[in-house]
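Structure, as structure tokens:
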Amino acid sequence: MRKTQKKQAEEFAALLGQAHGEIKKAVEKKNISAALSILADCQEGAISLGNLIEQTEGENAPTIRVLEEYCEQLYHIYQGLAEEEAVNAGKIYKVLRQALIKIENSIQHDITVRLEAVFLPYKASMWDSLESVWRAADAAPDCDAYVIPIPYYDKNPDGSFGQVHYEAGEYPKDVPIVHYAAYDFEKRRPDMIFIHNPYDNQNYVTSVFPFFYSDNLKQFTDLLVYIPYFILGDIKPDERQKVERMKHFCLMPGVFHADRVIVQSEDMRQVYLHVLTQFQGKQSRNVWERKILGLGSPKVDRALLTERAEKDIPEEWVKIMQKPDGSRKKVILYNTGVTALLENNEKMLSKIEDVFRLFQEQKEEVALLWRPHPLIRTTIGTMRPKLFREYEKIVERYRHEGWGIYDDTADLDRAIALSDAYYGDGSSVAKLYQEIGKPVMLQNADVLEYALE
């Protein structure tokens, strides 16, 4: 039985207790018709409660038998009053009270509470920020966990909603998916809802459907949990410049509306506490200390658990990764991010082409696995439309030449597991690499290996 349903059962038992008191008063005042009416109401209520318990616990639930005994006692008392037998109000009340104690004890001890947890990823490539939490919930014997991928829009340059995306088909095969239209949030009221998108209407590039904004979801659950889809480099609250550059992450709607926010470390928790207290005043610190928890990122859990599995590698990738003698080349994960491109514009496009030229010359010994940020195309199309065509030419040429791997799948952890080192922009992927002990080198858009022709 769900927590809310058990609470309803407990509340109804309390109402029966009040009704028993009214029956006693009515009998004492010789108002038999009122007593009979209340007894009938108790009978109907007990039947309704029994139906609820039967639906959730089955017809053999111990509480069902206790309620049946209670109904029999109600019937005998009703018959006695209706036939004008000599009755004692105190005795009737005592019988009903003893029966009610049995009902209350059975509800408390015989009915177990099952939790219902809902996970609402929007981009499949960001599922790793929720996966380990879902797996723990799914494995818990007293929890029903549902993964409900939610649709999202690209945003047009004017801020209006554009193309719709729904990526339910891109999740791991062992993750059962529930369609977002098949789950009634208002009726089911899950005990916990987990989100990794904190932006609501404040993202310039994408937007989940407004129904799934954090301020709306909050009304359907008692515990809304936000876990960031990204990992940042750990900083201290007194590193002012670094805090200033990332504080907008702390001030997103999802942070304010969530009941719990799970961040990557205790240091990051202290940064959130500093920024949020500074924003809302010292009197708010106690609230934020309860809400912000530095328990670690599920992204690290996923990366550490993902092993290199040759059977999961596309055949065209294997050809690029193998030397003619069958031995394996070193694989470099080249990660290009959104921020670096927005900041450097054409200069970053030149840097990408420069990197390709360098690694193409080394292709006999090194395989390049290029993985652009999953939102990079949408971001350029919205915020740098003049760059979009040139960027698309670079992508098309790289894929057509076929000497390197192009990875636009949702499986980041496969790319991390397959590769031996990281090269590219500072990002949460670079931070993941550091967490699992693989080498990281960051690129600089101002440094080119080859002079521009």
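Stretching Lys242 away from Val95 to a fully extended chain increases their span by 45.9 nm, per 0.36 nm per residue minus the current alpha-carbon distance. Distance between the modelled labels on Arg285 and Leu442, one decimal in nanometres: 3.1 nm (7 Å Cα→Cβ projection). Estimated at 0.36 nm per residue, the fully extended path between Glu22 and Asp158 surpasses their Cα-Cα distance by 42.5 nm. Counting only protein heavy atoms and a 1.4 Å probe, the chain has 51 square angstrom of accessible area per residue.
Excluding same-chain pairs closer than 8 in sequence, count the lysine pairs in region 309-350 whose Cα atoms lie under 25 Å apart.
Numbers: Lys311/Lys319; Lys311/Lys323; Lys311/Lys329; Lys311/Lys330; Lys319/Lys329; Lys319/Lys330.
For region 309-350, qualifying lysine pairs total 6.
To the nearest 0.05, how large is the calculated FRET efficiency for Asp222 and His109 if R₀ is 22 Å and r is the Cβ-Cβ distance? Working from the Cβ atoms, E equals 0.40.
Between Glu449 and Asn51, the contour length at 0.36 nm per residue exceeds the alpha carbon distance by 135.8 nm. Measure nothing fancy, just the Cα-based angle from helix 62-82's long axis to the longest principal axis of the chain, in degrees from 0 to 90, nearest 10. The answer is roughly 30 degrees.
Add -39500 (n - 2.57) for each DSSP H run of 4 or more in the chain, then divide by its residues: what number comes out at 222 nm, to the nearest 500 deg cm²/dmol? Mind showing how you got there, number by number?
Values: 19 runs with 229 residues, N = 453.
That comes out to -15500 deg cm²/dmol.
Here's the picture: charge each Lys and Arg Cβ at +1 and each Asp and Glu Cβ at -1 in region 322-453, and of Ile394, Ala340, Met383 the one pushed furthest to the positive end of that dipole is Met383.
Say a site is exposed when it is one of the trypsin sites (Lys or Arg not before Pro), sits in a DSSP loop, and has at most 15 other Cβ atoms within 10 Å; what is then the longest site-free stretch of the chain? Please report the intermediate quantities before stating the final value.
Numbers: sites that count: Lys29, Lys30, Lys173, Arg308, Lys363.
That gives 31-172 as the longest site-free run.
Computed from point charges on the beta carbon alone (+1 for Lys and Arg, -1 for Asp and Glu), the dipole magnitude for region 224-307 about its Cα centre is near 300 Debye.
If you wrap the Cα atoms of region 22-106 in a convex hull and average its projected area over all directions, you get 5.1 nm².
At a 1.4 Å probe radius, carbon and sulfur cover how many percent of the accessible area of region 343-453? Can you show the working numbers first?
Values: 2620 of 5640 Å².
In region 343-453, the share of accessible area belonging to carbon and sulfur is 46 percent.
Which stretch or stretches of region 83-105 have amide N atoms under 14 Å from the point lying 7 Å from Ile32's Cα along the Cα→Cβ direction? Zone members listed by number: 83-89.
Each distinct pair of alpha carbons in region 315-453 adds a 1/r term; the inverse of their mean, the Kirkwood radius, is 15.5 Å. Modelled spin labels at Thr4 and Glu59, positioned 7 Å past Cα toward Cβ, are 2.8 nm from each other. Given in Å, the Rg to one decimal and the Dmax to the nearest whole number for the Cα atoms of the chain are 30.6, 111.
Convex hull volume per residue, computed on the Cα atoms of region 1-155, equals 135 Å³. Net charge dipole, the chain: roughly 1080 debye, given to the nearest 20, about the Cα centre with Cβ charges of +1 for Lys and Arg and -1 for Asp and Glu.
Mind scanning Lys7/Lys187; Lys173/Lys363; Lys3/Lys102; Lys29/Lys94; Lys3/Lys291; Lys123/Lys431 and naming the pairs with a C-alpha gap bigger than 25 Å? Checking Cα-Cα distances, Lys173/Lys363 exceed 25 Å. Once both labels are positioned 7 Å from their Cα atoms along Cα-to-Cβ, the gap between Trp403 and Asp184 label points is 6.0 nm.
The values are calculated or read from the model by the stated rules, or taken from the named source; none is laboratory data. Just so it is clear, the model here is predicted, and its values are computed rather than measured. A quick note on method: Cβ atoms are made from the backbone with ideal geometry, for glycine too, and the neighbour counts reach across all protein chains shown. Please note that ligands, DNA and RNA were not included when accessible areas were found on the heavy atoms of the full protein model with its side chains. Shrake-Rupley method; radii C 1.70, N 1.55, O 1.52, S 1.80 Å.
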